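The next block holds one structure in the form of structure tokens; read it before the comments.
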Amino acid sequence: MLGQRVMRIARVTRRLAMGFRQVRTYMALPGIALALAGALLLGCTGPTRQGDPISVTNPADTAKVQPRTTPDTDKSATNREPEEADKVVVVKALRELRLLADGKVFRTYEIALGREPKGDKMWEGDGRTPEGLYTLDFKNENSAFYRSIRVSYPNAQDWREARALGVHPGSNIMIHGLKPEFASVGKRHVQQDWTEGCIAVTNDQIDEIWSLVPVGTPIEIRP
């Protein structure tokens, strides 16, 4: 009997000891969980060098920050159209009048030419538009063709060629619009070359050219 009691007491003692060990393990678990969570957060923030300041930024404040625009990055400034032309080029074969600034075309207009569009003008009444280098030397706001800008034809070479032929070279070659009674024709006027040697555009177009081309601008008329 005594031996059985001793064995029973020993078994109870072992169970109590095991219970105390489990209690100590459970009590340690919260500390382990906190340490693990801290390690995960440290991994998310990434390494920080010693001495680097750590700042906390409000996302709402970040959203308000906009990049500053400077003249170097403002594309609209570089794409702005010139205020005036420094040269006019007419290409007769293409029926085009071009406004240039710094060697670049920034406006192009369809045109009608003299009723005999091929070839250089030789004498008065031949119906041809002259070819060569000239100057736009006068503006007439009271033209019969709404508005007109005069081409400085004839130049010295034109006079020499005309004298050699015994003829007058002609004059009053203009860039002009349409007569009031034909203004409604608009851009359809270019369907036929109809002038006496002048360069014709619509009235809206001559208004633009008038404002963009100052007196004294050189004009080149190409075949």
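Listed by first and then second residue, the pairs linking a residue in the stretch 149-161 that is assigned to a strand (DSSP E or B) to a residue that is among the hydroxyl-bearing types (Ser, Thr, Tyr), with Cβ atoms under 8 Å apart and 6 or more places separating them unless they lie on different chains, are VAL151/TYR134; VAL151/THR135. Please find, among VAL190, VAL185, VAL167, the residue that is of a type in the set (A, V, I, L, M), assigned to a loop (DSSP other than H, G, I, E, B) and assigned by TED's automatic domain parsing to the domain that holds ASP86. Exactly one residue qualifies, and that residue is VAL167. Of all residues in the stretch 83-98, those that are touching a helix residue (DSSP H, G or I) at 6+ places or on another chain (Cβ under 6 Å) and among the aliphatic types (A, V, I, L, M) total 1. Here GLN205 meets the list (1) surrounded by 13 or more Cβ atoms within 10 Å (Cβ to Cβ); (2) under 19 Å from PRO223 (Cα atoms) almost entirely, failing just condition (2). Taken over the stretch 130-144, the criterion of being touching a Lys or Arg at 6+ places or on another chain (Cβ under 6 Å) and surrounded by 15 or more Cβ atoms within 10 Å (Cβ to Cβ) is satisfied by PRO130 alone.
Among residues of the stretch 94-117 being without any contact (Cβ under 8 Å) to a residue 60 or more places away in the chain and among the small types (Gly, Ala, Ser), the one that is surrounded by the most Cβ atoms within 10 Å (Cβ to Cβ) is ALA101. The single condition among (1) touching a His at 6+ places or on another chain (Cβ under 9 Å); (2) surrounded by fewer than 18 Cβ atoms within 10 Å (Cβ to Cβ) that PRO180 does not meet is (1).
The values are calculated or read from the model by the stated rules, or taken from the named source; none is laboratory data. Here the structure is a predicted model, which means the values were calculated and not measured. Quick reminder, even Gly has a Cβ in these numbers, built from the backbone with ideal geometry, and neighbours come from all protein chains shown.
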